[in-house]
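The structure that follows is given in the form of structure tokens.
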Amino acid sequence: PTVVGENFICSNCTSLTSLEGAPQKVGGSFRCRECTSLTSLKGAPQEVGSDFDCRECTSLTSLEGAPKKIGGKIIN
């Protein structure tokens, strides 16, 4: 989907390497934490209504590509 009205969770997806194909607008929180193979936030939603949680993504070296509009905070 391109829009999700509530939370979107793809946490613990250890083989996920990018966020390409993720919804571009999320009404609630976006959680991709503990995705240990995630190397880029490219493809992340452009707008998140609450928190953007990417903590414990140990292969992530930059927040480049993070949402442009976040209603809460970035948790990394």
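The values are calculated or read from the model by the stated rules, or taken from the named source; none is laboratory data. The structure presented is a predicted model; accordingly, all values stated were derived computationally and were not measured. Cβ: placed from backbone, ideal geometry, glycine included. Neighbour counts: every protein chain shown. In case anyone asks, the SASA skips ligands and DNA or RNA and just uses the protein heavy atoms, side chains included. Shrake-Rupley method; radii C 1.70, N 1.55, O 1.52, S 1.80 Å.
Can you tell me which residue in the stretch 24-54 is farthest from LYS69 (Cα to Cα), limited to those that are basic (Lys, Arg) and part of a strand (DSSP E or B)?
ARG31
Looking only at the stretch 38-50, count every residue that is within 18 Å of CYS13 (Cβ to Cβ), open to solvent by 10 Å² or more (accessible area, probe 1.4 Å) and either touching a residue at least 24 places away in the same chain (Cβ under 8 Å) or touching a strand residue (DSSP E or B) at 6+ places or on another chain (Cβ under 7 Å) (or both) and tell me the total.
Summing the residues that are within 18 Å of CYS13 (Cβ to Cβ), open to solvent by 10 Å² or more (accessible area, probe 1.4 Å) and either touching a residue at least 24 places away in the same chain (Cβ under 8 Å) or touching a strand residue (DSSP E or B) at 6+ places or on another chain (Cβ under 7 Å) (or both) in the stretch 38-50 gives 3.
Which pairs turn up if I take residues in the stretch 1-18 that are among the acidic types (Asp, Glu) and look for partners that are in a loop (DSSP other than H, G, I, E, B) with beta carbon separation below 7 Å, at least 6 apart in sequence or on another chain?
From residues that are among the acidic types (Asp, Glu), the pairs are GLU6/GLY27; GLU6/GLY28.
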